[in-house]
Amino acid sequence: MLIGKKHFLTVGALALAMAAGAAAAQQKSVAVTAIVEHPALDSVRDGIKDALKQAGFDAGKNLKWQYQSAQGNTGTAAQIARKFVGDKPDAIVAIATPSAQAVVAATKDVPVVYSAVTDPVAAQLVPSMGPSGTNVTGVSDLLVLDKQIELIKKVVPEAKRVGMVYNPGEANSVVVVKQLQELLPKAGMTLVEAAAPRTVDVASAARSLIGKVDVIYTNTDNNVVSAYEALVKVGNDAKIPLVASDTDSVKRGAIAALGINYRDLGVQTGKMVVRILKGEKPGAMPSETSSKLELYVNPGAAAKQGVTLSDALVKSAAQVIK
């Protein structure tokens, strides 16, 4: 009787071990990092998680999900990258250029999917927008700047001097500055730059533009978006209209933005991650962009910044912030 019980326990233990092994084999691991937390990048992260769940990869069940923010610090971004590479997940998702650069520098083996990177080629993440042949692919949030200039003219028809607060250390923003320097003169306007290397520099950089610009345009610069309320205070106090490329910034006090829905961008990114989890090689997957743009307007912010929006512009908006 005793021998039979031992045999039963052994078989039971073996069955449990086999079940645990099967569960471990089925479980996938995704590590996500962002350079900083702000509404746009948070929406990307949430969209990624939603896409994974929709595909059957549920965090806490059959998916190990890790997320860490570098809190705006590139040194911290590098530390997170090294930690994630050491964990050997099935994929690392890097949100925004500084985090993507840190992760790509840290591994040539672990699959990397970047997201919310304006120019991945200039940032040296991939050699081109085609299949990279490396461990890297992803989704760019590149915007056609001609459309951004058209929006500036619709908001402030008489604008001649366009101010831009940006971080000169962020590749995304440097690319946009160079393009605007070329494009604005063709539209009868000039660019006036103000550097904000740190988030705490945004307010002083904005104040330095008072009396020098007719409008301030902001791209998806992470320092600026993180401290957008500081920019809004300057715009409201000095009656300088603010036009953004991040639609979440309109909710925070910009007059208008023609931009990407960052949750949709996250879902698009998540679908690429799913393909990798199912066996595709990132190097065989071309980088992607989003062509779906949405116009947000904020008539209340316009009034505070000394501008009246045309009825036509308001009616064409996907969302009017009250």
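Quick rundown of the values:
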read-out	value
Near pairs, Cβ below 8 angstrom, 6+ apart or cross-chain, from the stretch 95-106 (under 18 Å from Val44 (Cα atoms) and without any contact (Cβ under 8 Å) to a residue 12 or more places away in the chain) to any residue that is buried (at least 24 other Cβ atoms within 10 Å of the Cβ) and hydroxyl-bearing (Ser, Thr, Tyr)	none
In the stretch 163-184, the residues that are part of a helix (DSSP H, G or I), open to solvent by 60 Å² or more (accessible area, probe 1.4 Å) and either touching a strand residue (DSSP E or B) at 6+ places or on another chain (Cβ under 6 Å) or among the acidic types (Asp, Glu) (or both)	Gln181, Glu182
Test: Ile216 is part of a strand (DSSP E or B) and free of Cβ contacts under 8 Å to residues at least 60 places away in the same chain	yes
Contacts under 6 angstrom Cβ, first residue in the stretch 269-285 being free of Cβ contacts under 8 Å to residues at least 12 places away in the same chain, partner open to solvent by 80 Å² or more (accessible area, probe 1.4 Å), 6 or more apart	none
Gly279 vs. criteria open to solvent by 20 Å² or more (accessible area, probe 1.4 Å), on the phi > 0 side of the Ramachandran plot and either modelled with pLDDT of 95 or more or not in a helix (DSSP H, G or I) (or both)	yes
Residues (farther than 22 Å from Lys239 by Cβ and open to solvent by 30 Å² or more (accessible area, probe 1.4 Å)) located in the stretch 189-204	Ala195, Pro197, Arg198, Thr199, Val200
In the stretch 223-263, the residues that are in a loop (DSSP other than H, G, I, E, B), open to solvent by 20 Å² or more (accessible area, probe 1.4 Å) and within 22 Å of Leu191 (Cβ to Cβ)	Lys239
Failed condition for Val126, given (1) touching a Gly at 6+ places or on another chain (Cβ under 8 Å); (2) on the phi < 0 side of the Ramachandran plot; (3) open to solvent by 60 Å² or more (accessible area, probe 1.4 Å)	(3)
Thr134 being over 23 Å from Leu309 (Cα atoms), in contact with a helix residue (DSSP H, G or I) (Cβ under 7 Å, 6 or more places away or on another chain) and open to solvent by 30 Å² or more (accessible area, probe 1.4 Å)	yes
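Listed here are the residues, each with its yes/no results for (1) free of Cβ contacts under 8 Å to residues at least 24 places away in the same chain; (2) surrounded by fewer than 22 Cβ atoms within 10 Å (Cβ to Cβ); (3) of a type in the set (Val, Ile, Thr); (4) not assigned by the TED database to the domain that holds Ile92.
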position	(1), (2), (3), (4)
Val112	no, no, yes, no
Ser115	no, no, no, no
Pro157	yes, yes, no, yes
Lys186	yes, yes, no, yes
Asp221	no, no, no, yes
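Residues checked against (1) touching a helix residue (DSSP H, G or I) at 6+ places or on another chain (Cβ under 7 Å); (2) open to solvent by less than 40 Å² (accessible area, probe 1.4 Å); (3) under 21 Å from Ala102 (Cα atoms); (4) of a type in the set (Asp, Glu):
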{"position": "Val44", "(1), (2), (3), (4)": "yes, yes, yes, no"}
{"position": "Gln54", "(1), (2), (3), (4)": "no, no, no, no"}
{"position": "Phe57", "(1), (2), (3), (4)": "yes, yes, no, no"}
{"position": "Gly60", "(1), (2), (3), (4)": "no, no, no, no"}
{"position": "Lys64", "(1), (2), (3), (4)": "no, no, no, no"}
{"position": "Gln68", "(1), (2), (3), (4)": "yes, no, yes, no"}
{"position": "Ala77", "(1), (2), (3), (4)": "yes, yes, yes, no"}
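The values are calculated or read from the model by the stated rules, or taken from the named source; none is laboratory data. Quick caveat: nothing in here was measured; it's all calculated off a predicted structure. When we count neighbours, we look across all protein chains shown, and the Cβ atoms used for this are built from the backbone with ideal geometry, even at glycine. SASA here: full protein model, heavy atoms, side chains in, ligands and nucleic acids out. Shrake-Rupley method; radii C 1.70, N 1.55, O 1.52, S 1.80 Å.
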